[in-house]
Amino acid sequence: MKVFITRQIPDRGINILKEMGYAVVIGPQDRVLKKEELIEYLKKDKYNAVLALLTDKIDAEILDAMKDSGVKILANYAVGFDNIDIKAATERGIMVTNTPGVLTETVAEHTFSLMLSIAHRIPESDRFTRAGKYHGWEPMMFLGTDVSKKTLGVVGLGRIGSKVAYHAAKGFEMKVLYYDPKRSEDFEKEFGVDSTGSPQTTYRKNVDDIFREADFVSIHVPLLPTTRHLVDARRLALMKKTAYLINTSRGPIVDEAALVEALRNNIIRGAALDVYENEPSLSPGLADCENAILTPHTASATEETRQAMGELAAKNIIETLEGRIPPNLVKI
């Protein structure tokens, strides 16, 4: 069996494949392969599996090259799979898998790190201090916002959204409002009531209500035609002027140009983003917004999690090539 990995990943998953006796070929360039480069590699040899990254845009033409190469499984090194034409893969008999679960805790931690950092103006304070501008304590310097006992709005109550809500309710006594296509009464019962006797977690049937009521809005939905620009100028205008937006899901869910205008004109107080509409490019003006925190799509970037993602991708490949159904098969 031969596996092609489009770019270097942490070694645990690679070693698991090698221990199975599989030949592993890694793209020689430590960068995103161009479409024609990936097709060229696939045509050079026969492969039983491809391990791809979320930065690899896998369309029908690339899938044709995979089919010709003999690829049975395309294992995506990510929980999201909007970079792959799933329908085209299914039509060609190529299984697609992802790596859910193993990055839940890490992305939730990063989300909360962004929330705390934007509320307490930590990056601004850091830049100010490093620039030699700190000359002594002042009572009005870099006044931020408390997170504890505020209202968090979670848009999308999947694995990561649920964990962010858990940290908010259990660790910071926040009231949690959530929107999801499906209500979870069990989730609501888990948290009960807060110190005032009010429900600590409450469902909102209309996503607009989340934007109106929350002090912090955290986005945790997949990128679908129905979620593209879910956060647009209209919904940003619904938010409190003191509210913050956090996005660690997918960039195109937020209309970035509208967000820049909202930040510039103090329609909202701030935003913290780990993903961008046209990665790696930023919309004009976004980098100049002092009331924004921008991290380079690193929400899952811990040694433990990236190793676990590689291990899960390898297990998906092994199960498929050994004639079994992989545990994380993506279905259309």
Those residues of the stretch 312-332 which are crowded, with 17+ Cβ neighbours inside 10 Å and of a type outside the set (S, T, N, Q), in sequence order: L312, A313, A314, K315, I317, I318, E319, L321, P326, V330
Long-range neighbours under 6 Å by Cβ, at least six apart or interchain, first residue within 19 Å of V107 (Cα to Cα) and in the same structural domain as T111 (by TED's automatic domain parsing) within the stretch 162-190, second part of a loop (DSSP other than H, G, I, E, B) and of a type in the set (S, T, N, Q): A169/Q200; F172/S148
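Scanning for something at positive phi and not assigned by TED's automatic domain parsing to the domain that holds F81, does the stretch 203-223 turn up at least one residue?
So far as the stretch 203-223 goes, no, none of its residues is at positive phi and not assigned by TED's automatic domain parsing to the domain that holds F81.
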Cross-chain or 6+ apart pairs with Cβ under 7 Å, the stretch 118-145 first and without any contact (Cβ under 8 Å) to a residue 24 or more places away in the chain, then basic (K, R) and in a loop (DSSP other than H, G, I, E, B): F142/R121
Among (1) assigned to a loop (DSSP other than H, G, I, E, B); (2) surrounded by fewer than 20 Cβ atoms within 10 Å (Cβ to Cβ); (3) at pLDDT 95 or above, the one test that A287 misses: (1)
I16 vs. criteria among the aliphatic types (A, V, I, L, M) and free of Cβ contacts under 8 Å to residues at least 60 places away in the same chain: no
Those residues of the stretch 82-116 which are in contact (Cβ under 8 Å) with a residue 24 or more places away in the chain, of a type in the set (S, T, N, Q) and within 19 Å of V176 (Cα to Cα), in sequence order: T104, T111
Members of the stretch 302-326 found to be without any contact (Cβ under 8 Å) to a residue 40 or more places away in the chain and either at positive phi or under 21 Å from the mean Cα position of the chain (by Cα) (or both), listed by number: G323
Qualifying residue in the stretch 182-194 (condition: basic (K, R), assigned to a helix (DSSP H, G or I) and crowded, with 16+ Cβ neighbours inside 10 Å): no
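Can you say whether K149 is in a loop (DSSP other than H, G, I, E, B), farther than 27 Å from D288 by Cβ and in contact with a helix residue (DSSP H, G or I) (Cβ under 8 Å, 6 or more places away or on another chain), as far as the supplied structure shows?
Numbers: in a loop (DSSP other than H, G, I, E, B): yes; farther than 27 Å from D288 by Cβ: yes; in contact with a helix residue (DSSP H, G or I) (Cβ under 8 Å, 6 or more places away or on another chain): yes.
Yes; evaluated as a whole, the condition is true for this residue.
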Residues located in the stretch 30-64, provided they are among the small types (G, A, S) and either buried (at least 19 other Cβ atoms within 10 Å of the Cβ) or in a strand (DSSP E or B) (or both): A49, A52
Out of A237, A258, sole residue that is touching an Asp or Glu at 6+ places or on another chain (Cβ under 9 Å) and more than 20 Å from G161 (Cβ to Cβ): A258
Residue list for the stretch 68-105, restricted to those being in a helix (DSSP H, G or I) and surrounded by fewer than 24 Cβ atoms within 10 Å (Cβ to Cβ): D68, S69, I86, K87, A88, T90, E91, T104, E105
Test: residue in the stretch 224-238 that is touching a strand residue (DSSP E or B) at 6+ places or on another chain (Cβ under 6 Å), among the β-branched types (V, I, T) and surrounded by fewer than 23 Cβ atoms within 10 Å (Cβ to Cβ): no
Close pairs from the stretch 258-276: first assigned by TED's automatic domain parsing to the domain that holds V231 and in contact (Cβ under 8 Å) with a residue 24 or more places away in the chain, partner charged (D, E, K, R) and assigned to a helix (DSSP H, G or I), Cβ under 7 Å, at least 6 apart: Y276/E256
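The values are calculated or read from the model by the stated rules, or taken from the named source; none is laboratory data. Note that the coordinates shown come from a computational prediction; the quantities given were computed from them, not determined experimentally. Reconstructed Cβ throughout: ideal geometry from the backbone, glycine too, with neighbour counts over all protein chains shown.
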